[in-house]
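Student: This is the structure I want to talk about, given as structure tokens.
The values are calculated or read from the model by the stated rules, or taken from the named source; none is laboratory data. Keep in mind the model is a prediction, meaning the values are calculated, not measured. Using ideal geometry, Cβ is built from the backbone for each residue, glycine included, and neighbour counts are taken over all protein chains shown. Ligands, DNA and RNA are excluded from the accessible area calculation, which covers all protein heavy atoms including side chains. Shrake-Rupley method; radii C 1.70, N 1.55, O 1.52, S 1.80 Å.
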Amino acid sequence: QQKCKIGNAEINLVAFAKGSGMCAPNMATMLCYIITDADISADILDQLLRDSVDKSLNCVSVDSDCSTNDSALFFAAGSVKHEQINDYNSQLLNDFKIALDDVMIDIAKQIAADGEGATKLIEINVTNTKTIDDAKKIARSIADSPLVKTAIYGNDPNWGRIAMAIGKTTLPVNLTKLT
């Protein structure tokens, strides 16, 4: 749950989810519901959800397998009145976007931590790439690697497995800057 402001109005955001098997990009066997009391149009909610899911639920990897059944639904009750928002880039949405990302990242971590057979939760941070897509490719390669997962499960700090997962992306990498 998160609180934020739109103008002078205090807004609530709540998310809940189920599902921890067959979790990979595209959410997988997971249901997620996000509810806010803000008064935001369906078009803007759709954009907000797509952007936030891309930073949260679509970054989860439990077992690298996708399912055909997944949903993330965003509901706005409109019970709190505030200045009408007709533009996704409105400054009035700045705090709301941050709160939404916070609640979505939190729920994504909870799903991963509750994964079938999960004993550890790790976060992969990739920085200093040329593009965000390059960072995502590297992070996904590390997260989905069975060799990396077995090293983590076995408490084996095998840096070579992480370097291998980065290398198999075939992206140009300055090896002297890997940490």
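Student: Looking at segment 1-21, which of its residues are surrounded by fewer than 19 Cβ atoms within 10 Å (Cβ to Cβ) and not in a strand (DSSP E or B)?
Tutor: Passing the criteria: Gln1, Gly7, Asn8, Gly21.
Student: Tally up the residues in segment 145-179 that are under 23 Å from Ser56 (Cβ atoms) and buried (at least 17 other Cβ atoms within 10 Å of the Cβ), please.
Tutor: 7
Student: Being crowded, with 21+ Cβ neighbours inside 10 Å and of a type in the set (A, V, I, L, M) is the filter; apply it to segment 25-39 and report the residue that is modelled with the lowest pLDDT.
Tutor: Met27
Student: I've got another one for you. Ile138 versus (1) at pLDDT 95 or above; (2) closer than 27 Å to Asp46 by Cα; (3) open to solvent by less than 80 Å² (accessible area, probe 1.4 Å): which is the lone unmet condition?
Tutor: Against the list (1) at pLDDT 95 or above; (2) closer than 27 Å to Asp46 by Cα; (3) open to solvent by less than 80 Å² (accessible area, probe 1.4 Å), Ile138 comes up short only on (2).
Rundown of residues vs (1) touching a residue at least 12 places away in the same chain (Cβ under 8 Å); (2) among the hydrophobic types (A, V, I, L, M, F, W, C); (3) out of contact with any Gly (no Cβ under 9 Å at 6 or more places or on another chain); (4) not in a loop (DSSP other than H, G, I, E, B), yes/no style:
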position: His82; (1), (2), (3), (4): yes, no, no, no
position: Val103; (1), (2), (3), (4): yes, yes, yes, yes
position: Gly115; (1), (2), (3), (4): yes, no, no, no
position: Ala118; (1), (2), (3), (4): yes, yes, yes, no
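Student: Any residue in segment 136-159 that's outside any helix (DSSP H, G or I): show its pairings with residues that are open to solvent by 80 Å² or more (accessible area, probe 1.4 Å) and of a type in the set (Gly, Ala, Ser) at Cβ separation under 7 Å, as long as the two are six or more apart or on different chains.
Tutor: Within 7 Å, no pair qualifies.
Student: In segment 92-101, is there at least one residue being under 19 Å from the mean Cα position of the chain (by Cα), aromatic (Phe, Trp, Tyr) and open to solvent by less than 50 Å² (accessible area, probe 1.4 Å)?
Tutor: Yes - at least one qualifying residue is present in segment 92-101.
Student: If you don't mind, another one. Go through segment 54-75 and count every residue that is in contact with a helix residue (DSSP H, G or I) (Cβ under 7 Å, 6 or more places away or on another chain) and open to solvent by less than 40 Å² (accessible area, probe 1.4 Å).
Tutor: 7
Student: Take Ile111 and tell me if it is crowded, with 17+ Cβ neighbours inside 10 Å and in contact (Cβ under 8 Å) with a residue 12 or more places away in the chain.
Tutor: Yes: the conditions hold for Ile111.
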